[in-house]
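Engineer: Mind looking over this structure? Questions follow.
The values are calculated or read from the model by the stated rules, or taken from the named source; none is laboratory data. Please read all numbers here as calculations on a predicted model, not as lab measurements. Heads up, the Cβs are rebuilt from the backbone with ideal geometry, glycines too, and the neighbour counts pull from every protein chain shown. Only protein heavy atoms, including side chains, enter the accessible area calculation; ligands, DNA and RNA are left aside. Shrake-Rupley method; radii C 1.70, N 1.55, O 1.52, S 1.80 Å.
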Amino acid sequence: MELPQEFLKTASRARYVMVLTGAGISAESGLATFRGQDGWWRNYHPQDLATPQAFYKDPRLVWEWYQWRREQALKAQPNPGHLAIAVMEKLFPEFLLATQNVDGLHQRAGSLKMVELHGNIHRSRCFRCQKPYPSIPNDNQIPPRCSCGGLLRPDVVWFGEELPRDVLKQAWEAASQAQLFFVIGTSGLVQPAASLPLVARRSGAFVIEVNPEESSLTEMADLSLRYKAGEAMPSIVRTMEKARWRKL
Ligand code: BJW
Ligand code: ZN
C-alpha cells in the first residue's frame, strides 16, 4: 500500500496520536455492524432496542438482544486490525484509542491506553439505582435483578443518554491535542463521537480514515483508505514504525 509522504512525515514526528473506532473494526471478527447491508438497523429499529424507553417497555427483549450479542462477542477473537492498534499505542509517547464499541475486543487485543465511549456489554448496572455490576450476575430471571429490586441493564450508552463525562472529557482533550487522528470502521453518524475527528482537524491534526465504504467523515479526512481495517492496519502500523526509526 502506497502511503503519501505527508502522512509519513506526520507519523514519523507525531507525539500525540488518537484513534476512533466503530463497529467496522470488529466486522472481520464476525460481529455485525449497525448500519449497512448486514447491519442491525436493517431489520430492527434502534428505538426498539437501544433506548431507555425500549428497555422500559420491553426489558426482556432488550436484555435478550444484548445477551445474544454478549455471547457472540465472547466467541469472537480480536482480528489483525485490533492487534495493530494495540501495537500502535507503543509507537507514540501520547496515545488514546476511543472506541464506540462495547464488545471488549480491543482490550483482548492488548490495548491499554483506551476509553470506551459507549460502555461495555460485559458489565451491567441497575436501571433504578445505577449500582454498577462489573459482570453479568448469574440469575434465573431475565433481566437479572439488583439488590434493590430494580432491573439490571447492560452498562452501555443508549440514544438520548449522556456519555460517561470523564471518558468524553478525556477523549475531547486528546482530540484537541492530536497531531495524527485515525478514524477506523465508523459511519461517523452518531454524536458526540463523530465530532472527535472534527475537533482534531480544527486543531491541525492530519486525519486518516480506514473504511471500505465512504462515510460521513470522508469529506473532512485528509486521507481516506478504502480498505478493511484488518487488511490495512497491520501494514500501516509497520510503515509508521519504520518511518519513526528513520525519522524522515
Ligand atoms: C469497516 C469494515 C471493515 C465495515 N473495516 N470498516 C447532534 C446532531 C444530531 C443528533 C444528535 C446530536 N447529538 C446527539 C444526538 C442524538 C444521538 C445521535 O447521534 N443521533 C444520530 C444517529 C442522529 N446521540 C445520542 O443520543 C448520544 N447521546 C447524547 O448525545 O446525549 C446528550 C445528552 C446530554 C446530557 C444529558 C442527556 C443526553 C448517545 C449515542 C449512543 C449510541 N449508542 C449506540 C448503541 C451502544 C450500545 C450497543 O452497542 O448496543 O452505539 S448506537 C450504535 O451506533 C452504537 C455504535 O457505537 C454507534 C456508532 O455506530 P458505528 O460504530 O459507526 O457503526 P456503523 O454500523 O454505523 O458503521 C460501521 C462502519 O464500518 C461503516 O462505515 C462500514 O463501511 C465500516 N466497515 N466493515 C473497516 N472490515
Ligand atoms: Zn438497584
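Engineer: What are the pairs with Cβ atoms under 8 angstrom where one residue, in segment 114-136, is without any contact (Cβ under 8 Å) to a residue 40 or more places away in the chain and of a type in the set (A, V, I, L, M) and the other, located anywhere, is open to solvent by 60 Å² or more (accessible area, probe 1.4 Å) and away from ligand 1 (no atom under 12 Å from the Cβ)? Sequence gap at least six, or different chains.
Structural biologist: These pairs meet every condition: M114/Q107.
Engineer: From the set of residues in segment 180-201 that are among the polar types (S, T, N, Q) and touching a residue at least 60 places away in the same chain (Cβ under 8 Å), which is nearest to A23 (Cα to Cα)?
Structural biologist: T186
Engineer: Out of A54, A73, report the one residue that is assigned to a helix (DSSP H, G or I) and closer than 30 Å to R238 by Cα. Write out each step before concluding.
Structural biologist: Working: A54 fails: closer than 30 Å to R238 by Cα.
Being assigned to a helix (DSSP H, G or I) and closer than 30 Å to R238 by Cα holds for just one of A54, A73, which is A73.
Engineer: Could you tell me which of the residues Q107, Q141, Q47, Q130 is in a helix (DSSP H, G or I), open to solvent by 30 Å² or more (accessible area, probe 1.4 Å) and more than 30 Å from L8 (Cα to Cα)? Break it down stepwise before answering.
Structural biologist: On the way: Q107 fails: more than 30 Å from L8 (Cα to Cα); Q141 fails: in a helix (DSSP H, G or I); Q130 fails: in a helix (DSSP H, G or I).
When all the criteria are applied, what remains is Q47.
Engineer: For the subset of segment 162-179 comprising residues that are outside any helix (DSSP H, G or I) and over 18 Å from G22 (Cβ atoms), which member is least open to solvent (accessible area, probe 1.4 Å)? If you could, list the steps in order and put the result at the bottom.
Structural biologist: Taking segment 162-179 first, the residues outside any helix (DSSP H, G or I) are 162-164, 178-179.
Keeping just the survivors that are over 18 Å from G22 (Cβ atoms) gives 162, 179.
Values: E162: 121, Q179: 75 Å².
Looking at residues that are outside any helix (DSSP H, G or I) and over 18 Å from G22 (Cβ atoms), I get Q179.
Engineer: Can you tell me how many residues in segment 149-161 are near ligand 2 (Cβ under 10 Å from one of its atoms), farther than 17 Å from W65 by Cβ and surrounded by 10 or more Cβ atoms within 10 Å (Cβ to Cβ)? Steps first, please.
Structural biologist: Initial filter on segment 149-161 (near ligand 2 (Cβ under 10 Å from one of its atoms)): 149-152.
Next cut, farther than 17 Å from W65 by Cβ only: 149-150.
Filter once more, so that each one left must be surrounded by 10 or more Cβ atoms within 10 Å (Cβ to Cβ): 150.
Going through segment 149-161 one residue at a time, the tally reaches 1.
Engineer: Checking Q100 against (1) open to solvent by 50 Å² or more (accessible area, probe 1.4 Å); (2) in contact with a helix residue (DSSP H, G or I) (Cβ under 6 Å, 6 or more places away or on another chain); (3) under 21 Å from W40 (Cα atoms): exactly one of these is not met. Which one?
Structural biologist: Among (1) open to solvent by 50 Å² or more (accessible area, probe 1.4 Å); (2) in contact with a helix residue (DSSP H, G or I) (Cβ under 6 Å, 6 or more places away or on another chain); (3) under 21 Å from W40 (Cα atoms), the lone unmet condition for Q100 is (1).
Engineer: Continuing with the same structure: Can you name the number of the only condition in (1) more than 16 Å from ligand 2 (Cβ to nearest atom); (2) crowded, with 19+ Cβ neighbours inside 10 Å; (3) farther than 26 Å from A205 by Cα that L83 fails?
Structural biologist: Only one criterion is unmet by L83, namely (3).
Engineer: Being closer than 18 Å to L91 by Cβ and either within 16 Å of ligand 2 (Cβ to nearest atom) or not β-branched (V, I, T) (or both) is true for just one of R226, R238, R201, R165. Which residue is that?
Structural biologist: Values: R226 fails: closer than 18 Å to L91 by Cβ; R201 fails: closer than 18 Å to L91 by Cβ; R165 fails: closer than 18 Å to L91 by Cβ.
None of the other options fit; the residue is R238.
Engineer: Continuing with the same structure: So for segment 229-242 (the condition being within 17 Å of the chain's Cα centre (by Cα), in a loop (DSSP other than H, G, I, E, B) and either assigned by TED's automatic domain parsing to the domain that holds R13 or within 16 Å of G22 (Cβ to Cβ) (or both)), does at least one residue qualify?
Structural biologist: no
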